[in-house]
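Enquirer: Could you have a look at this structure, given as structure tokens, before my questions?
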Amino acid sequence: MKVSDSLFKWMVEIRRTIHRTPELGFTEHETSALICRKLQELGLDYTAGVAGTGVLGRITANSGAKTVAVRADMDALPVAEETGLEFASCVPGVMHACGHDGHVAIALGAAALLKENPPSGNVLFVFQPDEEGTGGAKPMVEAGVLNGVSAIFGGHLDLHYKTGEIAIKPGVNTAFTNGFDVEITGRGGHAARPHETIDSVLIACQMVMQIQTIVSRMIDPLSPAVITIGKIQAGTVNNAIAESALIEGTVRTIDKTTRETIFNKLHALAGSLTGFYNAEIKVTIHSGYPSVVNDPGMYEIAKEAAILAAGREKVIEFPNPSMGGEDFAFFAQTVPACFVRYGSLGNTNEHAGSAHSSRFDFDETAMITAAGFMANAVTMALKKL
């Protein structure tokens with residue numbers, strides 16, 4: 001199936017409208033309303049308010065037919081946009097810096113294609129809130145959106161690949177994500193009398209530097225792992241030693257053994273510094289997203305659909321999982337699934353910033369290949385199921 005010029009124009013208008021009015025996770029009210037209007041334009045049934053702001057669109061063949069789902073996330077990020085685009089964010093401090101505006105347009109484009117070329121079964125379009133925050137996929141699964149669904153497909157715009165390419169991998173695709181906090185409580189005091197204090201800032205600095213040795217010296221180099229410290233908070237003035245400090249970071253791993261080793265080492269490091277500095281150090285590990293694992297059967301269908309949409313020479317099989325997180329994993333744990341990457345680096349955005357940056361942008365023509373792929377994948381899956 002191919003995206004016509006008029007359909008592409010329609011998709012671009014949708015993407016740019018959403019981009020101008022970005023909304024954070026579980027507050028995507030305007031985005032949800034727009035999706036409902038567009039589904040109505042296509043003559044499709046829909047349900048709004050699923051797991052908060054989620055929307056479900058439907059193409060129904062008959063009650064006895066198999067159902068295949070398409071997922072699109074729709075939330076933005078707390079980033080101040082600096083792209084200079086004519087359709088840049090009108091919401092201060094909020095921006096579509098990861099392409100979810102494009103994902104919504106792609107799913108709606110696939111819906112238009114499948115409406116014109118009805119498949120042999122039912123299609124469920126899952127517009128999911130809050131992929132970037134605490135995660136909206138799990139609440140949607142818990143709400144029963146995949147009941148009766150036989151398979152689900154998802155994708156993500158990716159500047160690591162050129163426009164028109166589709167990257168795909170069997171098996172594990174993304175890392176398991178865990179956040180962690182380190183709360184350090186020392187004893188505050190005057191900067192001129194450090195011996196009377198327990199310096200939480202000094203301890204935090206020691207902690208950060210030692211954390212970096214966990215992966216570099218305690219983890220098998222052949223087992224992918226990343227620990228990143230994203231936030232340190234301490235102190236209020238320059239002439240006082242801070243009583244407390246907070247470190248926040250993330251751990252990305254592929255296998256369970258490596259993950260447990262890192263957690264154990266974080267706790268052990270905190271214990272050793274507690275004894276040395278006579279401070280109180282508390283490490284808290286937060287649950288994150290599991291790895292996205294592509295089902296073998298759905299992977300083969302997706303690869304065939306990608307070849308049809310992009311051409312064999314533009315279908316790239318990448319060998320190693322991304323260390324990024326993706327809550328599509330909760331859908332993939334529930335039903336057979338496949339997640340792909342849509343190449344979106346073109347001449348129009350060759351100097352754009354990376355995902356989650358204030359200068360992020362993607363080549364909109366990437367949506368042509370993506371929508372065609374998704375429509376093909378659904379059609380092929382329903383035939384084979």
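Enquirer: Taking the Cα centre of region 176-286 as origin, work out the dipole magnitude from +1 charges on Lys and Arg Cβ and -1 charges on Asp and Glu Cβ, in debye rounded to 20.
Expert: Numbers: 9 positive and 10 negative charges, 36 e Å.
Dipole about the Cα centre, nearest 20: 180 debye.
Enquirer: What lysines could a cross-link reach from Lys265, if we take a straight Cα to Cα line under 26 Å and drop same-chain neighbours fewer than 8 places away?
Expert: Lys231, Lys256, Lys282
Enquirer: Can you tell me how much longer the chain between Asp181 and Ile285 gets when fully stretched, taken as 0.36 nm per residue apart minus their C-alpha distance, in nm with one decimal? Can you show the working numbers first?
Expert: Working: separation 104, 0.36 × 104 = 37.44 nm, distance 0.67 nm.
Net length gain for the segment: 36.8 nm.
Enquirer: If I compute semi-axes √(5λ) of the Cα gyration tensor in Å from the structure I just sent, which labelled value in [x] 55, 22, 17; [y] 33, 25, 20; [z] 43, 23, 19 lines up?
Expert: Correct label is [z].
Enquirer: If you don't mind, there's one more thing I want to ask. Among Met374, Phe127, Pro78, pick out the residue whose Cα is farthest towards the positive end of the charge dipole of the chain, where Lys and Arg carry +1 and Asp and Glu carry -1 on C-beta, about the Cα centre.
Expert: The listed residue farthest towards the positive side: Met374.
Enquirer: Looking only at the chain, where both bridge partners belong to it, what percent of the DSSP beta bridges are antiparallel (to the nearest 5)?
Expert: So the antiparallel bridges in the chain amount to around 65 percent.
Enquirer: Among Val70, Val201, rank each residue by its count of other Cβ atoms within 10 Å, from fewest to most, as a rough exposure measure.
Expert: Starting with the residue having the fewest Cβ neighbours, the order is Val201, Val70.
Enquirer: Using the Karplus curve 6.51 cos²θ - 1.76 cosθ + 1.60 with θ = phi - 60°, work out ³J(HN,Hα) for each residue of region 334-343 in order, rounded to whole Hz, and write x for Gly and Pro.
Expert: 9, 9, x, 8, 8, 10, 10, 10, 9, x
Enquirer: Stretched out fully, how many nm does the piece from Phe276 to Lys115 gain, at 0.36 nm a residue minus the Cα gap? Mind dumping the intermediate values first?
Expert: Working: separation 161, 0.36 × 161 = 57.96 nm, distance 6.71 nm.
Here the segment from Phe276 to Lys115 would lengthen by 51.3 nm.
Enquirer: In region 155-184, which residues have a backbone nitrogen under 13 Å from the label point lying 7 Å from Gln333's Cα in the Cα-to-Cβ direction?
Expert: 176-178
Enquirer: Now, a different point. Under a 10 Å cutoff between Cα atoms, tell me which one of Thr27, Thr174, Thr284 has the largest fluctuation in the Gaussian network model of the chain.
Expert: Looking only at Thr27, Thr174, Thr284, the largest GNM fluctuation is found for Thr284.
Enquirer: With +1 on each Lys and Arg Cβ and -1 on each Asp and Glu Cβ, and nothing else charged, work out how big the dipole of the chain is about its Cα centre, in Debye to the nearest 20. Could the numbers behind the result be given before it?
Expert: Working: 30 positive and 41 negative charges, 163 e Å.
Roughly 780 debye, rounded to the nearest 20.
Enquirer: What aspartates and glutamates could a cross-link reach from Lys115, if we take a straight Cα to Cα line under 19 Å and drop same-chain neighbours fewer than 8 places away?
Expert: Straight-distance partners of Lys115: Asp5, Glu41, Asp45.
Enquirer: Can you tell me which of His103, His160, His190 moves the most in a GNM of the chain? Springs connect C-alpha atoms under 10 Å apart.
Expert: Residue with maximal mean-square fluctuation among His103, His160, His190: His190.
Enquirer: Along the positive direction of the dipole of region 168-312 (beta-carbon charges: Lys, Arg +1; Asp, Glu -1; about the Cα centre), which of Gly271, Asn294, Ile198 reaches farthest?
Expert: Of Gly271, Asn294, Ile198, it is Asn294.
Enquirer: Then there's this: If you build a Gaussian network model of the chain, linking Cα atoms that sit under 10 Å apart, which residue out of Ala306, Ala234, Ala105 swings the most?
Expert: Ala234
Enquirer: Neighbouring Cβ atoms within 10 Å as the yardstick, rank Cys36, Cys98 fewest first. Walk me through the numbers before you get to the answer.
Expert: Working: Cys36 18, Cys98 23.
Final ranking by Cβ density, sparse to dense: Cys36, Cys98.
Enquirer: What helices in the chain pass both tests, a Cα length along the helix axis of 20 Å or more and a mean Kyte hydropathy of 0.0 or higher, using whole DSSP H runs? Could the numbers behind the result be given before it?
Expert: Numbers: long enough: 5-20 (22 Å, -0.52); 100-116 (24 Å, 0.65); 200-218 (26 Å, 1.19); 256-277 (32 Å, -0.14); 296-310 (21 Å, 0.63); 366-384 (27 Å, 0.98).
Flagged H segments are 100-116, 200-218, 296-310, 366-384.
Enquirer: Ranking request for peptides 162-169, 251-258, 364-371: highest mean number of other beta-carbon atoms within 10 Å first, then the rest in descending order.
Expert: 364-371, 162-169, 251-258
Enquirer: Report the charge-dipole magnitude of region 234-385 in Debye, nearest 20, computed about the Cα centre from +1 at each Lys and Arg Cβ and -1 at each Asp and Glu Cβ.
Expert: Once rounded to the nearest 20, the dipole reads 300 debye.
Enquirer: Run the simple label-point estimate for Ala240 and Ala80 please: 7 Å along Cα→C-beta, distance reported in nm.
Expert: 2.7
Enquirer: Sort Leu382, Leu114 so that the residue with the fewest other Cβ atoms within 10 Å of its own Cβ comes first and the one with the most comes last.
Expert: Ascending Cβ contact count within 10 Å gives the list Leu382, Leu114.
Read-outs throughout are calculated quantities, based only on the coordinates presented, and are distinct from any laboratory measurement. Quick caveat: nothing in here was measured; it's all calculated off a predicted structure. Cβ coordinates were reconstructed from backbone atoms using ideal geometry, including for glycine residues, and neighbour counts include every protein chain displayed.
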